[in-house]
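Notes follow the structure.
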Amino acid sequence: MATVGIIGLGYVGLPLAVAFAEEGCEVVAVDADPRKVEAVAAGDSYVEDVASDDLRRVGARIEATTRYQPLSGADAVLICVPTPLTPNREPDLGSLIDASRALAEVLRRDQLVVLESTTYPGTTRERVAPLLEESGLAAGRDFHLAFSPERVDPGRSGYTLRNTPKVLGGLTEACAERAEALYGLVCDRIVRVSSPEAAELTKLLENIFRSVNIALVNELAMLTDRMGIDVWEVVEAAATKPYGFMRFEPGPGMGGHCLPVDPFYLSWRAREFDVATEFIELAGKINQRMPYHCVAKAQRALNGAGLSVKGARIVVLGVSYKPGVGDTRESPALKIIAQLQGLGATVSYHDPHVPALADPPLQSRPLVEAISDADLVIIVTAHPEVDHELVARRSRLVVDLRGVTRTTSAANVVRL
């Protein structure tokens, strides 16, 4: 079996390491964070989609390290490092550049290198290949290079690495064949496209599609708020159409590792070709505006109850970016908390998946205790473990940004 190297042990890299180890491969798992390396070595998973028992079962086949030298013995190396945005909403490839340069120092002839990190079209060919070629080896001739975007949806159990089709594009046909043979060990279906650029754009299209449709329904939610129409009723009615409509629901904004980031990667790249991706950028603006709309909604709800936001005791239910996970990256809840605190409110939160926040420094409170003394409860992320009907019954005032209280007609509940 192959020896597989993986750079980056986050929500993409760790599941890959376990999957290849389960198929009998030896895995060299590299991360710059020694805490992750120590956790993997101890068999303690910090990724919700990987059970510690599963990690321990294959732990003998995973060598976790902060050093790149052991990668020289790998048949293939997968790069799974973060590709976030800068504060100016431009691509931040710092981790990718660092990883590529470090890998170039140990790269050997005939290895396969695959980039999995989400990025703009052209990154694999124009940025990664030249960095790896600092080794003196030529991409596509002396070593194989491909791009295969991750398709991880944290917390989703129905679709896994095994049954989610794997898109890949090689620098050459031989590169694609090597990558297909590798991923065939852990994926049931491989979808080959003509180039790394096509694979890079495929990933962006998937998430831009969601971003644009979420923006559409969020903009509709702002309009129906003014018109006095229940947006949830409209969405549910439209969803009864058996063709030509796909259901998307409004909410307080987008969070996570993909949706708030990926559209800006493409719009940034498009400007190099003198193309303004106005549709994509508008969707991003609308979704970024939603936390502000939600805070205004909370202010109006307090005013209607004869209360001021200044000095109000407000509890936020759910601070992760999606139900069932503890990931707070780009979570709209953090923006909502910051705005409310800026307006003088005393804000606390309850989240069964996030025991503490670093910024702002808060700790999750027990649910019943939190809502019992709150002037306002805002449902930002609807975790399945939380009894939202109980929240509606026992709270003085509720603003529901997720539509989970639609079955109640309580006068104390205000919905997005």
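The values are calculated or read from the model by the stated rules, or taken from the named source; none is laboratory data. This one's a predicted model, so the numbers in the text were calculated from it and none came from an experiment. Note that we place each Cβ from the backbone using ideal geometry, even for glycine, and neighbour counts take in every protein chain shown. Ligands, DNA and RNA are excluded from the accessible area calculation, which covers all protein heavy atoms including side chains. Shrake-Rupley method; radii C 1.70, N 1.55, O 1.52, S 1.80 Å.
What to note about this one:
- Top-ranked residue in the stretch 123-142 [being out of contact with any helix residue (DSSP H, G or I) (no Cβ under 7 Å at 6 or more places or on another chain) and either farther than 25 Å from residue 268 by Cβ or among the hydrophobic types (A, V, I, L, M, F, W, C) (or both); ranked as most open to solvent (accessible area, probe 1.4 Å)]: 141
- Contact annotation: residue pairs with Cβ atoms under 6 Å, 6 or more positions apart or on different chains, pairing a residue in the stretch 239-252 that is of a type in the set (A, V, I, L, M) with a partner that is in a loop (DSSP other than H, G, I, E, B), are 239/247.
- Counting the residues of the stretch 45-56 that are open to solvent by 70 Å² or more (accessible area, probe 1.4 Å) and in contact with a helix residue (DSSP H, G or I) (Cβ under 9 Å, 6 or more places away or on another chain) gives 3.
- Qualifying residues in the stretch 284-309 (those that are among the polar types (S, T, N, Q) and open to solvent by 60 Å² or more (accessible area, probe 1.4 Å)) - the one nearest to residue 220 (Cα to Cα): 288
- Residue within the stretch 249-270 that is in contact with a helix residue (DSSP H, G or I) (Cβ under 7 Å, 6 or more places away or on another chain), under 28 Å from residue 387 (Cα atoms) and surrounded by fewer than 19 Cβ atoms within 10 Å (Cβ to Cβ) present: yes
- Test result for residue 221, touching a residue at least 24 places away in the same chain (Cβ under 8 Å), of a type in the set (A, V, I, L, M, F, W, C) and either part of a loop (DSSP other than H, G, I, E, B) or closer than 27 Å to residue 396 by Cα (or both): yes
- Residue 186 satisfies every condition listed in (1) open to solvent by 50 Å² or more (accessible area, probe 1.4 Å); (2) within 17 Å of residue 79 (Cβ to Cβ) except (1).
- Meeting the requirement of 2 or more residues that are in contact with a His (Cβ under 6 Å, 6 or more places away or on another chain), the helices (runs of 4 or more DSSP H) wholly within the stretch 269-380 are 367-372.
- Among the residues making up the stretch 334-358, those that are open to solvent by 50 Å² or more (accessible area, probe 1.4 Å), more than 17 Å from residue 401 (Cβ to Cβ) and small (Gly, Ala, Ser) are 342, 356, 358.
- Some residue of the stretch 383-390 being hydrophobic (A, V, I, L, M, F, W, C), assigned to a loop (DSSP other than H, G, I, E, B) and within 19 Å of residue 290 (Cα to Cα): no
- Scanning the stretch 158-183 for residues that are among the aromatic types (Phe, Trp, Tyr) and buried (at least 18 other Cβ atoms within 10 Å of the Cβ) returns a single hit, 183.
- Pairs, first free of Cβ contacts under 8 Å to residues at least 24 places away in the same chain in the stretch 152-177, second surrounded by 13 or more Cβ atoms within 10 Å (Cβ to Cβ) and among the acidic types (Asp, Glu), C-beta under 8 Å, six or more apart: 159/153
- Taking the listed residues 206, 200, the one that is open to solvent by less than 30 Å² (accessible area, probe 1.4 Å) and of a type in the set (Asp, Glu) is 200, with no other qualifying.
- Only one of the listed residues (396, 402) is over 28 Å from the mean Cα position of the chain (by Cα) and in a loop (DSSP other than H, G, I, E, B). That residue is 396.
- Reported count of residues in the stretch 60-88, each being more than 22 Å from residue 115 (Cα to Cα) and within 26 Å of the chain's Cα centre (by Cα), is 2.
- Exactly one residue out of 109, 89, 61 is in contact with a strand residue (DSSP E or B) (Cβ under 7 Å, 6 or more places away or on another chain), surrounded by 16 or more Cβ atoms within 10 Å (Cβ to Cβ) and either under 25 Å from residue 151 (Cβ atoms) or free of Cβ contacts under 8 Å to residues at least 60 places away in the same chain (or both), and it is 61.
- Taking the conditions (1) buried (at least 20 other Cβ atoms within 10 Å of the Cβ); (2) more than 26 Å from residue 153 (Cβ to Cβ); (3) among the basic types (Lys, Arg) in turn, residue 393 satisfies each one other than (1).
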